[in-house]
Every structure is written in C-alpha cells, then in structure tokens.
Amino acid sequence: MCLMRIFKYFLLLILLVWLLGCENPSEYKHKPKLVVNGELVAGQSIDSIFVTWSADITEKYDTEEQRVKNADVRINGVQLVEYEYSSGVYYHPDRNFKVKSGETYQLTVQVGTEIVTSQTTVPQLFRMIPVGAASGDTVQYVPGKSWFSEAFFTLTWPDYADSKIFRIVSVADIAMPENFIEDNRTEANVFKGEKEDRENPAIWWVADDYARVNWMYFNWTGWHNIIVSAVDGNYYNYRNGVLFGEQYVGQNFNSVVDGGFGLFCSTATDTIRIYLLE
C-alpha cells in the first residue's frame, strides 16, 4: 500500500513537471534591444558604425525597419554623425581622424533610456612577410582539390602575438564574367560553392602564423588585393562563443556589447598586390 502511494505521488510529480514545461508560448513578449555592429581599422577613419533594433525571432527581419535613427553614438566621448541618406549608420565628424594601433576605444550608444557600451583595443602594427612571391608579382592559377592543395605562395607573420585570429580576404580589382575562372569540377562546387554564388573569398585563420595561398583564394583572374587582418580579442570571444561555447553554443554571443547585442571590434591590416594568370 505504501509503495502504491509513493508511485501515485511520483506520477503526480511527473505530471506537474510536464504541465510546467507546457506553458503557453504566446505569453512571451519580445523586448527590442539595441544591436551594434562596427569595426575599427588601424590607419583608417571611423565611417560605419551600424545601430539597429533586435527583432522578434517569429517575425520577418526588415533591415531598413530595424535601423535606429537619431541615436547618440559616441567613441571616446566624441559624438558620431548619422549619414543623411543612410539611416542608422554613423561616422566620425573629423574626416582626418585615423584609428591608431594599440589605442583603446570606448563606444557608447544611447537611445532614450536604452544604453549599450563596448570597448576595443586595436591590435599592434601588423606586417606580413610573403614567401614565394612579392607584392606586384604575377602568379599562375593551378586548380586544386582541397585546402591543402599546392600553395602559389605563403604569407607569414612570425612572432606576432597580439591576435588569436586572422582574416584573409582576396579582393579582385575586376570581377566580371570575362575574367571569371570557370571551374565546374565537383571539388570546386564543394569548396567554393555553385558558380553563381562565388564571390571574393574571405577566409578565417586561427592560431597559425602563416597562410598558404592557393586556388581557394581566387575566383577571377587579374589584379587582386590580398588583405590580411589581425583581429582583436572582441571578435575572437564573439566567434568562440557562437561556435565553441564551453557549455552552450552562443554563450558569449553578447559578451562584447554590454546591455545589447552585436559586435564592436578592431583590426590591424597589411596588403599584398598579386596579378593572377589562368
């Protein structure tokens, strides 16, 4: 009899837990929060700090609708100006102002009673050393089968310790059908995507102090700027949280913007010019 009573209590407990887990989702009410996206680049002006409102996950996101007009956006106390024909995008009023490596920049955004803040320290001066090619050289394109295919040349940055992650972007001066690299192979579709989706490749490089530049970096022939950026700790933490959270994926998602969402980061970059022949 005692065991039967315990069993009934156990069933009631299970039922209670189930009922608590089945609360009406319609009772949830989304509260918009400020979202900031901005990258400071050493040696360049501050020209594109984006401010938007978050949207309910159940609703269609409208980029124009979510942009925040007339926000009070400041970096190190200097109020930024909103573009006249691009609402929600802010720039530094002094067009001669340049971001400096090693400097710390404090961002504050206020809209009514909503305030978000973030801070970034720009990586130290970044210089890479090309091996197997020099800026201005011509390189022959050779199709490959994977990331580990033969390198056309290598970019190195030995002993650079101010960044844990690097971004490598290969930007073609001219990206037209006339100079598009036709490649219908299965390997190309797997690693580069369908032909109509291929753009200037942007590749993230973690930890290593070099990058092997091969067929994966090019979709067009002609002149290219290959830009390598040392990225600050904000981006590393953001990306680490989104992809590799220690307990829950995304646990660090908003750790770099206090009071809101988004990403405020900084980079130091170096560029090499390469002419690609097919």
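Any read-out appearing in this document is the output of simple, stated calculations on the displayed coordinates, not a laboratory observation. Fair warning: this is a prediction, and the values are worked out from it, not measured in the lab. Please note: Cβ atoms are built from the backbone with ideal geometry, for glycine as well, and neighbour counts cover all protein chains shown.
Observations on the structure shown:
- Charge dipole (debye, nearest 20) of the range 47-106; +1 at Cβ of Lys and Arg, -1 at Cβ of Asp and Glu: 340
- Between residue 94 and residue 121, the modelled label-to-label distance comes to 2.3 nm, taking each label 7 Å out from Cα in the direction of the beta carbon.
- Checking every one of the chymotrypsin sites (Phe, Trp or Tyr not before Pro) in the range 125-195 against DSSP loop status and a limit of 13 other Cβ atoms within 10 Å picks out 147, 148.
- Neighbour net charge for residue 195 - beta-carbon separation under 14 angstrom, K R +1, D E -1: -4
- Restriction of the GluC sites (Glu not before Pro) in the range 111-220 to DSSP coil positions whose beta-carbon has at most 16 other beta-carbons within 10 angstrom yields 150, 182, 194, 199.
- Here is the list for the range 47-118: chymotrypsin sites (Phe, Trp or Tyr not before Pro) lying in DSSP coil, each with at most 12 other C-beta atoms within 10 angstrom of its C-beta, are 61, 85.
- Residue-count net charge about residue 118 - beta-carbon cut-off 13 Å; Lys, Arg +1, Asp, Glu -1: -2
- Net dipole in debye of the range 86-155 [+1 Lys, Arg Cβ; -1 Asp, Glu Cβ; about Cα centre; nearest 20]: 100
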